[in-house]
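Working notes, beginning with the structure itself.
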Amino acid sequence: MKAYKVKAYNPVWFGGLRHMTMEEEHYMKSDVFPNIMRFFKFVKDSDRKGACYGVFLYDERKNTFLFPAPADIVGKRKTGGDWKVLTLRRLTLPTCKEEKLLPLIRGSLTAFETVEGYAITSKGLEAWMEASPDIELVKLKDLVKTEMKVGLKIDKDTKTAQESLLYFQERVRLKDGISFVFLANRKGSWSFLGGERNPAVVEEVKDLPELFSQRVQVKKGRYYKLYLLTHTYIEEAKEGKEIKLRGIEGKMELKFELAWIFSRGSEFVSGYNKPALEMLKPGCVLVLKATTEGDFSSLCQVLVSEKLFNIDNLKRFNESGWNTGILTEGG
């Protein structure tokens, strides 16, 4: 597995499913962590083979990767800080006789909320995996800044402005020393990033975090967490649903039951001539109970169902890198 940093010369804009046409949308917001489809041209060959297993930020000054903050990390409401990792506890609620697994913080009356506007460093993510309190988070505003482009839709026939089609397009400018970085097995020759053929420089990152190459000893009946590196599609995501994971290296498959989802939200993702799928965003955390066991690659993928594979346009769904995450003990 390799990683490549990408530095664009100009502010970056990544397109989405919403369009500034027919009065559908007038304000286009950019995501600091775009979906992997925006980087397919960097990794796929002429036969459309190749995969991107995640898009992150890279701080060249500190030689560190920066990821979306895991959704099970909470901090003090409004101010942040005092970071804690939520774990599931068995509780019996007054309205339910059965025990339920629910996230709980004991011994504190402080109001907490999910981390927003932060990225987690590779060191901080390793601490999160080890259930250590040394969680290292960085404010996104210290890494990137947004710039607004204002435009007006023009009627191609009359060459005049169309009524009610003034639009605002938010773009991301990376601060000095910060680059995008993507995870892949290979790199193509593409050298433009985002919309409008924005020129970019692409270089390999030599030192990768160990978390990409670790192994996990999965034991039947124990709980594990899957931190999502990419957008992920899970059909009928509910408690008890069987989840199959396949290691990126070795292709070993293990089965789990879904116990909980710490969510960072979801959004519709689609490509050319492909149906839109509602997918969990990177940074979501799945809590899984193992129903099989084995020596497993921590870098793995949630396998989509055979039903989804039968759709011709989605045969390469997992092969393109979607549904990738890092498995670790805990939850």
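Report the residue count in segment 141-156 for those that are part of a loop (DSSP other than H, G, I, E, B) and modelled with pLDDT under 65.
Summing the residues that are part of a loop (DSSP other than H, G, I, E, B) and modelled with pLDDT under 65 in segment 141-156 gives 2.
Being open to solvent by 30 Å² or more (accessible area, probe 1.4 Å) and within 22 Å of ASN63 (Cα to Cα) is the filter here; which residues of segment 191-201 pass it?
Result: VAL201, single match.
Of the residues GLU126, GLU116, GLU99, which is open to solvent by 60 Å² or more (accessible area, probe 1.4 Å), at pLDDT 85 or above and either over 24 Å from the mean Cα position of the chain (by Cα) or not basic (Lys, Arg) (or both)?
Values: GLU126 fails: open to solvent by 60 Å² or more (accessible area, probe 1.4 Å); GLU99 fails: at pLDDT 85 or above.
Result of the check over GLU126, GLU116, GLU99: GLU116.
Kindly indicate which of LEU280, LEU226, LEU308, LEU299 is touching an Asp or Glu at 6+ places or on another chain (Cβ under 8 Å), at pLDDT 90 or above, on the phi < 0 side of the Ramachandran plot and of a type outside the set (D, E, K, R).
None of the others qualify; the one that does is LEU299.
Give GLY177, GLY221 a once-over and let me know the one that is under 23 Å from the mean Cα position of the chain (by Cα), open to solvent by 10 Å² or more (accessible area, probe 1.4 Å), at positive phi and modelled with pLDDT of 90 or more.
It is GLY177.
Give the number of residues within segment 69-89 that are assigned to a strand (DSSP E or B), over 15 Å from ARG264 (Cα atoms) and in contact with a Leu (Cβ under 7 Å, 6 or more places away or on another chain).
So the answer is 2.
The values are calculated or read from the model by the stated rules, or taken from the named source; none is laboratory data. Computed from a prediction, not measured in an experiment: that's the story for all the values here. Reconstructed Cβ throughout: ideal geometry from the backbone, glycine too, with neighbour counts over all protein chains shown. Just so you know, the surface numbers come from the protein's heavy atoms only, side chains and all, with ligands and any DNA or RNA stripped out. Shrake-Rupley method; radii C 1.70, N 1.55, O 1.52, S 1.80 Å.
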